[in-house]
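Encoded as structure tokens, the structure appears first; notes follow it.
The values are calculated or read from the model by the stated rules, or taken from the named source; none is laboratory data. As the structure is a prediction and not an experimental result, all values here were calculated from the model. Positions of Cβ are backbone-derived with ideal geometry, glycine not excepted, and every protein chain shown enters the neighbour counts. Accessible surface is based on the protein model in full, side chains and every heavy atom, while ligands, DNA and RNA are left aside. Shrake-Rupley method; radii C 1.70, N 1.55, O 1.52, S 1.80 Å.
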Amino acid sequence: MALCDGSVPNGERFEAWAPRMLRADAGPVATVMELRKTKELGIHAVARCSIHPDDLIISEQALLRLPPPSAEAQRLLRGFGELGGFLAPALCAPWATTSAEQREACLQLFYAHPGSEKRSQGTHLAACAELLRCWAPLKHSNWTPEELLHFLHIVDLNIHKDDERPQNSEFTGIFVFGSKFSHSCAPNAAWSFDREGRLQYRALCPIAEGDVLTFSYVGNGMNLITSTLLRRERLSALCFVCSCARCQGADMSRRLPCPQCGGSCYPSYPQVDDATLAGSSRDLIQDANIWKCESCKADVKASDLPLEAEEELTELVPRFMQGDPSSAREDAERLWQLRQKAAAVLSKNHWTWFLATFAWLQKCLLCLRNAPIVAFSERDLCTASTEAARWLESAAPENMEQRLCALFLAARLAQHLGTLTLPIGQTFGCVVYA
Ligand SMILES: C[S@@+](CC[C@H](N)C(=O)[O-])C[C@H]1O[C@@H](n2cnc3c(N)ncnc32)[C@H](O)[C@@H]1O
């Protein structure tokens, strides 16, 4: 069975690399997935059979590892100032042991946005020429400055890097097939490195035959509960506008009270053409001027909505959520106040209210573990957990990882309280698979 359908350019090259890169733990790869190409997603992976939660989809070796720069490389990069971060992968790869075939595969099997490459001529190209001249290991590559620049854009868009675990930094690299998983804001798969540094994708939820295989390009945890606008802004750094179902539909994470009827309204964002996106084109992502009320159907002007308070909460809630565990008690108090403010001004439909609630519950768990006296009751925890579960159900029902995070938090709180009165069964039960 062929791994690529007829639409994939260089299909025979992918077929040739598959047996060398992919471990067949999940069965021969072509029985699990297929590569296809469409105008909307470019080359992408699609499930060929139904896949169960936690099933291994692929397990892949890196085509090229890009571990952190050595001390010598860091010294050289300092001379390049702001460009240093972009150029670092060119110095990290083990060029002396990389074959011509691998280098060719690096240039041919990955996607880089043509717009950002065009913008990057000039300074970037001159820096690549300089690197080829002064970095001895790179001389073996025989690459032209244009090829090196293309490689760097490929790394920018396709790198797999585990920012959560410092011990995994040696495993950073580019992976031919893992890089064909598309982004979704409600992904059906997630990846991690195994102990040997193989990239492993596992299903987060049931995946049906024909479904596009996806993960989150903006990290997991609670990054995906933010508004479509914020997710678009983050993804603009990768030069595309997400076409997933969540981004195409109404922005349910960002509903505000309708000034006319008190119901809730959601933003109607202008369309963005991602062909025009290149490099740091954040300015092209625009906020909605008009919002639509779900209840009275009125068009609401953005200027009539509490957008300043929204901006303030968007900045403060994540900041206190990320506070050091040693300040859990103070952060819990601050998050409780922010949660009250979000509820009063933006409503309990807004993502900042959900995030403040989730973060407050997290801090309460830390306090339960460490503080001699706590300033909340079991009832407070129970109410907040139930409300958080309801928010997920109404605003992000397909976001399995976020729902599981909330479920585990509620379960840990219940364990620490020695009670089963927290609403684990009723409110989060729907995400547990028997
Ligand atoms: C890492 S590459 C994925 C492979 C690529 N599609 C190819 O043709 O080789 C990332 C690119 O895929 C496309 N892409 C991935 N997810 C997408 C999504 N949800 N909506 C639109 N484009 C997407 C974008 O062009 C993005 O820059």
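Structural remarks
- A P(r) calculated from all alpha carbon pairs of the chain, with 10 Å bins opening at zero, reads 4, 19, 26, 25, 18, 7, 1 percent.
- The chain, relative contact order in percent, only Cα pairs under 8 angstrom and at least six apart counted: 13
- Here the accessible area is traced with a 1.4 Å probe on the protein chains. For the chain, carbon and sulfur cover 51 percent of it.
- Computed accessible area, residue 312, all protein chains, 1.4 angstrom probe, square angstrom: 80
- With a 1.4 Å probe rolled over the protein heavy atoms of all chains, the accessible area of 251, 163 falls in the order 163, 251, largest first.
- Between helix 145-158 and the chain: long-axis angle, C-alpha atoms, 0 to 90°, nearest 10: 30
- Rounded tilt (10° steps) of 378-395 against the dominant C-alpha axis of the chain: 50
- Of the residues 159, 373, ranked by 1.4 Å probe accessible area with the largest first, the sequence reads 373, 159.
- Using a cut-off of 29 Å between Cα atoms, the listed pairs 180/301; 118/180; 180/297 include 180/301; 180/297 as exceeding that distance.
- For residue 145, net neighbour charge (Lys/Arg +1, Asp/Glu -1) across residues whose Cβ lies under 14 Å away: -2
- Of the trypsin sites (Lys or Arg not before Pro) found in segment 192-266, the ones in coil according to DSSP and having at most 13 other Cβ atoms within 10 Å of their Cβ are 195.
- Relative to the dominant Cα principal axis of the chain, helix 328-341 is inclined by about 70°.
- Normalised per residue, the accessible area of the chain is 47 Å², obtained with a 1.4 Å probe and no contribution from ligands, DNA or RNA.
- Convex hull of Cα atoms in segment 301-406, direction-averaged projection (nm²): 7.1
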